[in-house]
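The values are calculated or read from the model by the stated rules, or taken from the named source; none is laboratory data. Nothing here was measured: the structure is a model prediction, and the numbers come from that model. Ideal geometry is used to build each Cβ from the backbone, glycine not excepted, and the neighbour counts take in all protein chains shown.
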Amino acid sequence: MSHGFNFVRFVAGSCAAWCLFVSSAFAVDVATMDGKTVTGELSDLASEQLVLESGGNVNAISLDRVMTVSWPENKPKPDADAGVSQQIRLTDGSRLRGSQATGDGLTVSFASSSFGTISVPFRNVKSLLLKPLDDVTREPWQELLSKSAADDRLVIRKGDVLDFLPGVVTEYSESEISFLYDGSEIDVPIAKVFGIIHAVAMQPGTQARCAVETVTDERLLVQSVSLQGQELVASTGPQQQIRCSTASISRLDFSLGRIVYLSDLTPEGTEYTPFFDTIWEYQRDRTADGKQLQLGREKFARGLWIHSKTELTYRLAGEYTRMQALMGIDHGVAAAGHGDVDVIIRGDDEVLYQGNVNARMDPIPLDLPLSGKRFLYITVDFGKGLDIGDHLDLVDARLLK
């Protein structure tokens, strides 16, 4: 791969998760780029297309049109965390859950709960989480991950606080970590360490075409997938193929490189019109007070937080075909009955959506056509009740190429 990411070895045995067994018991839902969903039995999957059978009809769909292939029968396992004590994040964005991580400075070996025992180059590991996350540590851990650093970080939990020591992690076993700190190498018992964050930068897998997602919340990027008989054959690099059965696979995500989140873009224009004197600037991936975006009981990692009255302008340059999002008043104010806004979304001069959004409404799904549009305009205007609680969440807001 162009970024040097390669799997050194997959050991079959627990590879039950990697083998996609396709039978009449496994109907799949295929979401396409035009926003439609097709259901059927997957009878073929090759480098260029997949084939669905339903009611005697055969439907061939080009993979260029496919966003995701989901197995609705494969629900998250109640005991998904059983035996899972560690999490590894790779520099291409893959994430693995399991146990028994060891590293000798060149290679990291790991017993994945879905993919069996794997080995990856040491340089391709971004982080190793050694303790389970909880409500206290989840956000601080993500914050540490998001910050770049010149040194590796050995993260320690002190009560409700995550602290760290800067240095170099040279190797680790199942019992201790060799750590170069302030010129001296020390052996730290692994039981005392919350996690390791390496100084390497994230390198998105530009050659990856698909991400394989499992019921144990693992996500592995691969370069190609195909169906041979009753097996899925996946390639993670040159001459590196694996075959497995679908019992723990929940979804194949083919959207890599074809989705851009609005929260990753900077608007070309922002205009605020305060109801009184206070200007509430729009926020990306969080609320104005730093909390996670939330609609009802569900929290979201990606999206926009917008107060009335705000107008955002994004340059599209004709590169996108659709905008998709879920829209509603943020739970922080909606729970108290506050929040009432009028929303207008335009592509150039065409109104794509116009309507009222208030605290009493269920979240509204958006799927808007953008083909050929040069600009996207999002206006969140005053509704009823002054601007009290006018906090609109546009979650999972994304542009499709």
Out of region 174-217, which residues are small (G, A, S), assigned to a loop (DSSP other than H, G, I, E, B) and more than 22 Å from A149 (Cβ to Cβ)?
-> S175, G205, A208
Residue that is surrounded by the fewest Cβ atoms within 10 Å (Cβ to Cβ) [pool: residues in region 241-280 that are among the hydroxyl-bearing types (S, T, Y) and in contact (Cβ under 8 Å) with a residue 40 or more places away in the chain] = T270
Any hit, region 341-354, residues being over 25 Å from the mean Cα position of the chain (by Cα), under 24 Å from A31 (Cβ atoms) and free of Cβ contacts under 8 Å to residues at least 24 places away in the same chain | yes
Confirm whether L42 is of a type in the set (A, V, I, L, M, F, W, C), without any contact (Cβ under 8 Å) to a residue 60 or more places away in the chain and not assigned by TED's automatic domain parsing to the domain that holds P132.
-> no
Number of the condition not met by S94 [criteria: (1) without any contact (Cβ under 8 Å) to a residue 40 or more places away in the chain; (2) under 18 Å from the mean Cα position of the chain (by Cα); (3) closer than 25 Å to R209 by Cα] | (1)
Scope region 308-344; condition under 20 Å from Y261 (Cβ atoms), part of a loop (DSSP other than H, G, I, E, B) and polar (S, T, N, Q); matching residues = T321
Output the residues belonging to region 281-307 that are free of Cβ contacts under 8 Å to residues at least 60 places away in the same chain and either within 14 Å of R398 (Cα to Cα) or assigned to a loop (DSSP other than H, G, I, E, B) (or both).
-> E281, Y282, R284, D285, R286, D289, G290, K291, R297, A301
Can you name every residue in region 200-230 that is at pLDDT 85 or above, among the small types (G, A, S) and surrounded by fewer than 17 Cβ atoms within 10 Å (Cβ to Cβ)?
-> A201, S224
Might you let me know whether region 320-327 holds any residue that is in contact with a Leu (Cβ under 8 Å, 6 or more places away or on another chain), aromatic (F, W, Y), assigned by TED's automatic domain parsing to the domain that holds R286 and at pLDDT 95 or above?
-> no
Scan D367, D342 and give me the residue that is surrounded by fewer than 16 Cβ atoms within 10 Å (Cβ to Cβ), in contact with a strand residue (DSSP E or B) (Cβ under 7 Å, 6 or more places away or on another chain) and assigned by TED's automatic domain parsing to the domain that holds F276.
-> D367
From the list R97, R89, R123, R157, which one is of a type in the set (K, R), in contact with a helix residue (DSSP H, G or I) (Cβ under 8 Å, 6 or more places away or on another chain) and either outside any strand (DSSP E or B) or surrounded by 16 or more Cβ atoms within 10 Å (Cβ to Cβ) (or both)?
-> R89
Sole residue being in a strand (DSSP E or B) and over 22 Å from A301 (Cβ atoms), chosen from G372, G389, G385, G355 | G355
Taking the condition in contact (Cβ under 8 Å) with a residue 24 or more places away in the chain and among the charged types (D, E, K, R), does D330 pass?
-> yes
When both residues are 6+ apart or on different chains and their Cβ atoms are under 6 Å apart, which pairs have a first residue that lies in region 116-134 and is within 14 Å of A201 (Cα to Cα), and a second that is modelled with pLDDT under 90?
-> N124/F5
If you scan region 276-319, which residues turn out to be among the aromatic types (F, W, Y), within 18 Å of D381 (Cα to Cα) and at pLDDT 90 or above?
-> W280, Y282, W305, Y314
Find the residue count for region 118-141, including only residues that are within 15 Å of T91 (Cα to Cα) and either under 18 Å from the mean Cα position of the chain (by Cα) or of a type in the set (F, W, Y) (or both).
-> 6
